[in-house]
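Trainee: Please find one structure pasted underneath; my questions will follow.
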Amino acid sequence: MAREEELTARLAEVRRRVERACGTAGRSADELTLVAVTKFFPADDVEALAAHGVGDIGESRDQEAGEKVGALAPATRAGLRVHFVGQLQTNKAKRVARYADVVQSVDRARLVRSLETGRAEAVAARAATGPLDVLLQVDLGEGEDAGRGGAVPGELDALAEAVAAAEHLTLRGVMAIAPPQLDEDGTFEAFRRLVEIGGRLRHIHPAATWVSAGMSGDLEAAVAAGATHLRVGSAILGSRPAQR
Ligand SMILES: *Cc1c(COP(=O)(O)O)cnc(C)c1O
């Protein structure tokens, strides 16, 4: 019970932060989806968060995520959207395509092919009912900070075409992690670039309306820049073990 009280208090504080940031930015909190990133934390925590209105969770490690989602009560699972947000190896993608509702970290064509195959098989086996939602992860780093995950902007159009051509995938938008070592203004500028990139994608792919940006430390900058999805882990769940 103590854990549940801790979670609800932290969740309430994060929701207050989102509301304050929305107030400052002149946005409505309805425009934002809070994805609680539950990696390293047990299924019981997911149950508790779901009981307090969390409808979206994020996971970043395949094996842990699959087991955790499988351990949820069926009613909890039915009410949740499960986002895979971590680096994804091609050989794990088929499995992720079975239990995830969204994969936010698509950054290369081979991953698109594996996710498509995996989702097609899951649908045929009735393990999934519809297409998998996909976000393209964008590398916002420049110079020395580049190459920390995500496709470079010049690769995005081709990647978007590959997703759009895949029968069992739906392109929903873009995702990024802020480059390290930026101050708040720099982070805001990086997220603005992501929002612009998302806007360009949406011209060609109208369903690609999501912009996933902002974590525990920089969610205010993401709200100000125009993000639609926030991925918040430690501010809700507490600090994770040091290993990754
Ligand atoms: C862990 C993780 C988060 C959450 O990070 P916090 O700083 O704990 O909020 C968000 N996005 C991705 C891709 C992550 O791996």
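Trainee: What FRET efficiency would be calculated for the residue pair ASP30, ASN91, taking the C-beta separation as r and a Förster radius of 30 Å, to the nearest 0.05? Display every interim value, and only then the final one.
Mentor: On the way: r = 39 Å, r/R0 = 1.30.
Working from the Cβ atoms, E equals 0.15.
Trainee: How large is ³J(HN,Hα) for each residue in segment 117-130, as worked out from phi by the Karplus curve 6.51 cos²θ - 1.76 cosθ + 1.60 (θ = phi - 60°), to whole Hz, x for Gly and Pro?
Mentor: 4, x, 6, 4, 5, 5, 5, 4, 8, 6, 8, 9, 9, x
Trainee: Near the amide H of ARG61, under 5 Å away, which other amide H atoms are found, from residues 5 or more places off or on another chain, if H is placed in the peptide plane?
Mentor: none
Trainee: Arrange the following residues from fewest to most other Cβ atoms within 10 Å of their Cβ: MET175, MET215.
Mentor: Numbers: MET175 28, MET215 19.
By the 10 Å Cβ count, ascending, the order reads MET215, MET175.
Trainee: For segment 202-219, list residues with backbone N below 16 Å from a point placed 7 Å from the Cα of GLU64 toward its Cβ?
Mentor: 216
Trainee: Turning to a different aspect of this structure: Report, largest value first, the span of the C-alpha coordinates of segment 2-236 along each principal axis, in whole Å.
Mentor: For segment 2-236, the Cα extents along the three principal axes come out at 44, 44, 31 Å.
Trainee: May I pose another question? If amide hydrogens are placed 1.01 Å from N in the peptide plane, which non-local residues have theirs closer than 5 Å to the one on ALA151?
Mentor: Residues meeting the amide H criterion: GLN137, VAL138, ASP139.
Trainee: For segment 72-89, in order, what is each residue's ³J(HN,Hα) by Karplus, 6.51 cos²θ - 1.76 cosθ + 1.60 with θ = phi - 60°, in whole Hz (x at glycine and Pro)?
Mentor: Taking θ as phi minus 60°, the curve returns 6, 4, x, 5, 5, 4, 5, x, 10, 9, 9, 9, 8, 10, x, 4, 10, 6 Hz for segment 72-89.
Read-outs: derived from the displayed coordinates by stated rules, not from any lab. Computed from a predicted structure; not experimentally measured. Cβ coordinates were reconstructed from backbone atoms using ideal geometry, including for glycine residues, and neighbour counts include every protein chain displayed.
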